[in-house]
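Asker: My structure is below; once you've seen it, I'll send some questions.
The values are calculated or read from the model by the stated rules, or taken from the named source; none is laboratory data. Note that the structure is a prediction, hence the values are computed from the model and not measured. So basically every Cβ, Gly included, is an ideal-geometry build from the backbone, and we count neighbours across all protein chains shown.
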Amino acid sequence: MSEHDVTAPVPDADESARVEKASAAAAEGGGNRWSPLKGSSGRNLGLVIALVLLGVVGVITAGDRFLSIDNTLTILRLAAVLGVLSIGMTFVITGGGIDLSVGSVLGLASVWATTVATQTMAQDTHWIVMVFTALAVGLVAGVVNGVLIAYGKVVAFIATLAMLVAARGLAEIIANRQTQTVKVPEFIAFFRADVLGVPKIVWTFAIVAVLGWILLNRTTFGRRTIAVGGNPEAARLAGINVKRHTMYLYALAGLAAGIAGVLMLARTTAGSSTNGQFYELDAIAAVVVGGTLLAGGRGTIVGTVLGVLIFTTLNNVFTQNNVSSSAQNVAKGVIIVVAVMLQQRIAERSRAGT
Amino acid sequence: MVSDDPQTPAALLTMHGIVKQFPGARALDGVDLDVRAGEVHCLLGQNGAGKSTLIKVLAGAHQPDEGQILIDGEPVTIASPVAGLKLGVATMYQELDVVDGLSVAENIYLGHELAKGGFSQRRAATQNTRKLLARLGHGGISPHREVGTLSAAGKQIVSMARALSHDARVIVMDEPSAVLDSEEVANLFRVVRDLTAQGVAVVYISHRLEEIRQIGDRITVLKDGRTVASGLAVADTPTAELIRLMTGRNVEFAIPRRPAVPADAPTLVRVDKLGLRGSFEDVSFEVRAGEVVGLAGLVGSGRSEIVETIFGARKATAGSVEIAGRTLRAGSVPDAVRAGVGLCPEERKSQGLLLDEPVYRNITLSTFARTANGGFLDEGAEKREAREQITALDVRPADANRAARTLSGGNQQKVLLARWLVHGCRVLLVDEPTRGVDVGARAEIYALIAELTAKGTAVVVVSSEIEEVLGLADRVLVVSEGRVVHEGPSSEIDEHRVLDLVMEGSAA
């Protein structure tokens with residue numbers, strides 16, 4: 001303010017000072033190259049604070065039970081399945097879409113990987129067959145979604161809603177509504193084994209998250225995702241193949257659902273047609289709470305990971321305190337609304353700043 | 001016409017010393033404006049001068065940090081858009097705020113529906129709507145018609161009728177002519193004159209100085225958030241003076257002269273019997289390296305569709321496009337881009353830019369994959385390329401990290417041009433290159449086009465401003481009702497002849 005009150009500055013100097021100030025503000029707001037919290041450090045900081053507060057509540061109410069290494073690993077194991085799903089969802093939402101089918105596809109992948117045929121084949125050759133089966137099922141389901149949406153011009157909400165229903169139904173048919181236990185011990189042994197004291201299930205989530213971050217922030221694929229989600233017409237007129245890219249995004253989400261299916265199998269040792277029910281909603285909630293714009297054009301993997309950890313920790317704190325799952329759901333609903341409202345505040349403030 | 005004597009009519013609306021501070025920028029820094037009943041008061045200024053902020057303050061969308069607003073000499077606070085309407089100030093924004101799915105009457109009474117005990121009074125609304133439309137000289141529009149089926153001009157009338165339904169005494173019109181063709185503009189002017197004859201004051205914003213000459217009574221000029229001249233009588237102020245006030249420098253408002261295209265220049269673009277069902281047909285022309293071909297015609301004549309079809313953004317239903325001897329795949333933008341064709345689309349914001357992304361990413365949107373190494377972005381190289389163009393085209397502010405949204409129209413256009421310069425295109429298609437662009441940036445864009453042709457780029461220009469097409473182009477195609485009705489050197493045709501051809505074409 002005072003700068004402008006100084007008596008009669010040369011107009012040009014005034015002008016350049018204004019520009020300089022504005023660009024300094026812009027540099028503060030984002031664009032710094034190396035921060036993993038890129039462009040949204042403030043928002044991510046808020047999520048970290050929320051997570052820490054949750055931890056404090058956990059420690060106060062459940063004490064050592066909450067703080068134990070076992071419990072921490074339990075939280076992380078639970079977070080892994082939802083987390084991988086949410087990384088895929090982050091790409092779809094950033095690209096301006098939505099995928100309601102990922103929970104069902106997860107279920108279908110877990111069932112297909114545990115059919116007698118697959119397991120026999122896995123016993124004969126290698127447990128990796130089960131992994132490949134799950135990934136292939138996820139990928140194919142994702143490609144079907146993508147083709148319907150990108151080339152068949154079906155609205156994403158409808159196409160993936162149809163897949164949600166159909167994949168769940170197919171899983172029931174294949175499993176005959178029975179739970180199929182994993183009978184290949186090497187499969188379980190591999191994923192449950194620890195590396196540096198951390199189970200491989202958790203490592204898988206970490207690797208997927210890191211790869212997802214690189215893909216979104218450092219590659220042409222990520223740039224296209226942001227462009228397609230931010231302004232599909234501008235992306236198209238700049239020469240980007242928007243349809244093909246849209247298809248890739250759903251394929252990626254399907255693949256992530258396949259990976260999540262594998263982790264689910266490793267964690268529960270069972271393939272069931274009810275695996276992953278309502279996970280699509282948890283994933284969307286985690287992504288949005290994390291700070292990815294539901295309208296597309298802006299996405300954050302770090303935010304998504306924090307969103308997933310917040311929801312999983314919350315569940316854990318409630319469970320430790322014997323809160324009913326019904327009450328948990330009410331709390332989750334409230335948290336989603338509050339988080340999104342806070343985010344909009346922050347987004348508005350940062351926009352006014354530019 | 002209102003005389004310039006300040007004694008005669010008292011000011012209806014006075015704004016005094018308005019200051020509006022945004023974080024990092026002082027958008028308004030002491031603006032004065034006085035508007036009298038029954039006048040058309042033109043607000044002039046380059047993009048970024050503060051016009052938009054000022055009308056938002058006036059509409060109640062922004063609160064001023066300092067300064068006073070008086071209506072009929074009484075100080076008022078316009079706390080919200082609703083409060084603004086109650087005080088008799090209505091604003092017609094550039095992006096018309098009508099709801100396409102509702103009827104004309106429903107749109108006009110949107111937000112202040114006529115109702116009794118919770119039941120809407122449809123008949124009263126219909127009757128009042130008829131009266132309002134008749135008052136605007138458009139009694140022919142049915143109150144029941146769905147607004148989405150109206151033309152841009154029709155929607156504008158609906159927007160004006162809504163302003164009148166609030167008993168507006170001041171109507172702010174933000175570039176109302178931007179979406180209209182010349183006939184519709186003439187009609188708009190008639191409506192504006194009727195309104196002022198009824199005592200309504202109109203604050204009129206436009207970049208087209210010739211329009212202001214036709215319709216304006218007095219002018220206030222803004223520059224860098226300050227009033228640099230207020231209450232100038234239109235009749236006594238030469239255009240050169242207005243440009244000097246707006247830009248603070250003397251600009252030759254002329255299109256640079258270019259040398260004739262060499263006779264041996266190769267043909268780069270060959271459009272052969274191109275057609276798009278329902279839009280245009282049988283369009284054939286060639287563009288040589290270093291040549292500018294202009295497409296003149298009214299809005300809706302098919303001229304934008306022609307360049308979009310050449311670019312592959314629309315899939316041709318007939319004919320072909322050849323770039324340097326290679327036939328393009330119909331309906332494939334990537335193929336056109338690979339062949340070295342670039343398009344600066346008509347709607348910068350909705351078709352061209354990622355508004356929330358930084359400027360450099362907007363500049364490299366067509367080339368980031370080329371700069372990348374094995375799929376990994378090289379943002380350092382991207383920023384270098386972008387900065388070179390920012391300097392070369394004098395994009396202001398010269399900040400590659402700034403969100404594209406925060407730039408003025410002229411600078412956004414430069415960003416789009418920069419995109420294709422980085423790409424190194426051989427053929428540039430530009431649709432309305434200077435719409436919503438201020439005078440200073442306009443001259444720069446003209447100079448840039450001249451520079452490109454000197455390097456052998458083939459350019460196709462589409463513009464609503466016939467003078468612009470004639471000035472820029474070596475050859476002109478006049479398009480009317482989806483057909484090319486004339487082709488020839490631009491030196492052999494003038495504005496009136498073009499208009500005649502357009503009219504003949506529409507009559508046929």
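Asker: When you go through B:356, B:399 one by one, which is the residue that is assigned to a loop (DSSP other than H, G, I, E, B), crowded, with 21+ Cβ neighbours inside 10 Å and either more than 28 Å from the chain's Cα centre (by Cα) or not aliphatic (A, V, I, L, M) (or both)?
Answerer: Just a single option satisfies the conditions, and that option is B:399.
Asker: Taking residue B:410 and the conditions (1) within 20 Å of residue B:438 (Cβ to Cβ); (2) at the interface with chain A (Cβ under 10 Å from one of its Cβ atoms), which numbered condition does it fall short on, given that it satisfies the others?
Answerer: Against the list (1) within 20 Å of residue B:438 (Cβ to Cβ); (2) at the interface with chain A (Cβ under 10 Å from one of its Cβ atoms), residue B:410 comes up short only on (2).
Asker: Something else now. Hey, among the residues in the stretch B:306-331 that are in contact with a Gly (Cβ under 6 Å, 6 or more places away or on another chain) and outside any strand (DSSP E or B), which one's surrounded by the most Cβ atoms within 10 Å (Cβ to Cβ)?
Answerer: It comes out as B:312.
Asker: Sticking with this one: Which of the residues that make up the stretch A:228-241 are hydrophobic (A, V, I, L, M, F, W, C) and free of Cβ contacts under 8 Å to residues at least 24 places away in the same chain?
Answerer: Residues satisfying the conditions are A:234, A:235, A:237, A:238, A:240.
Asker: I'd like to verify a number: residues in the stretch B:376-389 that are more than 10 Å from chain A (Cβ to nearest Cβ), surrounded by fewer than 24 Cβ atoms within 10 Å (Cβ to Cβ) and among the hydrophobic types (A, V, I, L, M, F, W, C), how many?
Answerer: Within the stretch B:376-389, residues that are more than 10 Å from chain A (Cβ to nearest Cβ), surrounded by fewer than 24 Cβ atoms within 10 Å (Cβ to Cβ) and among the hydrophobic types (A, V, I, L, M, F, W, C) number 1.
Asker: Another question about this same structure. For the subset of the stretch A:222-246 comprising residues that are surrounded by fewer than 19 Cβ atoms within 10 Å (Cβ to Cβ) and part of a helix (DSSP H, G or I), which member is nearest to the other protein chains (Cβ to nearest Cβ)?
Answerer: In this case the residue turns out to be A:233.
Asker: I would also like to ask the following. Among the residues of the stretch B:83-95, which ones are modelled with pLDDT under 85 and surrounded by fewer than 17 Cβ atoms within 10 Å (Cβ to Cβ)?
Answerer: Listed by number, the residues that qualify are B:94, B:95.
Asker: Just checking, which of B:405, B:396 is at the interface with chain A (Cβ under 9 Å from one of its Cβ atoms) and under 20 Å from residue A:228 (Cα atoms)?
Answerer: One residue alone meets the criteria, B:405.
Asker: Away from every other protein chain (no Cβ under 14 Å) and either touching a Lys or Arg at 6+ places or on another chain (Cβ under 6 Å) or at pLDDT 85 or above (or both): is that true of residue A:334 in this structure?
Answerer: In short, yes.
Conditions (1) within 28 Å of the chain's Cα centre (by Cα); (2) closer than 30 Å to residue A:197 by Cβ; (3) of a type in the set (A, V, I, L, M, F, W, C); (4) modelled with pLDDT of 50 or more, marked per residue:
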site: A:10; (1), (2), (3), (4): no, no, yes, no
site: A:37; (1), (2), (3), (4): yes, yes, yes, no
site: A:56; (1), (2), (3), (4): yes, yes, yes, yes
site: A:77; (1), (2), (3), (4): yes, yes, no, yes
site: A:107; (1), (2), (3), (4): yes, no, no, yes
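Asker: When residue B:296 is evaluated against the numbered criteria (1) in contact with a Lys or Arg (Cβ under 9 Å, 6 or more places away or on another chain); (2) surrounded by fewer than 24 Cβ atoms within 10 Å (Cβ to Cβ), which criterion, by number, is the only one it fails?
Answerer: (2)
Asker: Hey, among A:319, A:292, A:274, A:304, which residue is over 24 Å from residue A:65 (Cα atoms), hydroxyl-bearing (Ser, Thr, Tyr) and in a helix (DSSP H, G or I)?
Answerer: The unique qualifying residue is A:304.
Asker: Of all residues in the stretch B:370-428, count the ones that are hydroxyl-bearing (Ser, Thr, Tyr) and in contact with an Asp or Glu (Cβ under 8 Å, 6 or more places away or on another chain).
Answerer: Number of matching residues: 2.
Asker: Also: Looking only at the stretch B:339-375, count how many residues are farther than 24 Å from residue B:409 by Cβ and within 8 Å of chain A (Cβ to nearest Cβ).
Answerer: The qualifying residues number 4.
Asker: For the structure I just gave you, tell me whether residue A:299 is under 24 Å from residue B:361 (Cα atoms), in a helix (DSSP H, G or I) and either in contact (Cβ under 8 Å) with a residue 60 or more places away in the chain or touching a helix residue (DSSP H, G or I) at 6+ places or on another chain (Cβ under 7 Å) (or both).
Answerer: No, not satisfied.
Asker: May I pose another question? I'm checking my understanding of the structure. Among residues of the stretch A:207-220 that are facing another protein chain (nearest Cβ under 7 Å) and assigned to a helix (DSSP H, G or I), which one is surrounded by the fewest Cβ atoms within 10 Å (Cβ to Cβ)?
Answerer: A:218
Asker: Checking residue A:94 against (1) surrounded by fewer than 20 Cβ atoms within 10 Å (Cβ to Cβ); (2) within 14 Å of chain B (Cβ to nearest Cβ); (3) at pLDDT 50 or above: exactly one of these is not met. Which one?
Answerer: Failed condition: (1).
Asker: Go through B:83, B:79 for me and flag whichever is at negative phi, more than 14 Å from chain A (Cβ to nearest Cβ), assigned to a helix (DSSP H, G or I) and without any contact (Cβ under 8 Å) to a residue 60 or more places away in the chain.
Answerer: Only one candidate passes the filter, namely B:83.
Asker: Is it true that residue A:84 is crowded, with 24+ Cβ neighbours inside 10 Å and more than 16 Å from residue A:285 (Cα to Cα)?
Answerer: So residue A:84 fails the test.
Asker: Of these, B:366, B:350, which one is out of contact with any Gly (no Cβ under 6 Å at 6 or more places or on another chain) and closer than 23 Å to residue A:95 by Cα?
Answerer: The match here is B:350.
Asker: Just to verify a result, which residue in the stretch B:129-162, among those that are among the small types (Gly, Ala, Ser) and without any contact (Cβ under 8 Å) to a residue 24 or more places away in the chain, is nearest to residue B:102 (Cα to Cα)?
Answerer: Applying the filter and picking the extreme gives B:154.
Asker: Another question, then. Somewhere in the stretch B:201-213, is a residue at pLDDT below 85 and over 28 Å from residue B:297 (Cα atoms)?
Answerer: Within the stretch B:201-213 (the criterion being at pLDDT below 85 and over 28 Å from residue B:297 (Cα atoms)), the answer is no, since none of the residues qualifies.
Asker: What number of residues within the stretch A:88-123 satisfy the criterion of being in a loop (DSSP other than H, G, I, E, B) and either within 24 Å of residue A:172 (Cα to Cα) or out of contact with any Gly (no Cβ under 6 Å at 6 or more places or on another chain) (or both)?
Answerer: Total meeting the criteria: 7.
Asker: Can you find, within the stretch B:2-36, the residue that is nearest to residue B:87 (Cα to Cα) among those that are at pLDDT below 90 and of a type in the set (Gly, Ala, Ser)?
Answerer: B:11
Asker: Where in the stretch B:33-76 are the strands (runs of 3 or more DSSP E), entirely inside, with at least 2 residues that are crowded, with 20+ Cβ neighbours inside 10 Å?
Answerer: Once the strands (runs of 3 or more DSSP E) in the stretch B:33-76 are filtered for at least 2 residues that are crowded, with 20+ Cβ neighbours inside 10 Å, what remains is B:40-44.
Asker: Now a separate question. Looking only at the stretch B:466-482, which residues are out of contact with any Asp or Glu (no Cβ under 7 Å at 6 or more places or on another chain) and either over 27 Å from residue B:275 (Cα atoms) or surrounded by fewer than 19 Cβ atoms within 10 Å (Cβ to Cβ) (or both)?
Answerer: B:471, B:481 - these are the residues of the stretch B:466-482 that are out of contact with any Asp or Glu (no Cβ under 7 Å at 6 or more places or on another chain) and either over 27 Å from residue B:275 (Cα atoms) or surrounded by fewer than 19 Cβ atoms within 10 Å (Cβ to Cβ) (or both).
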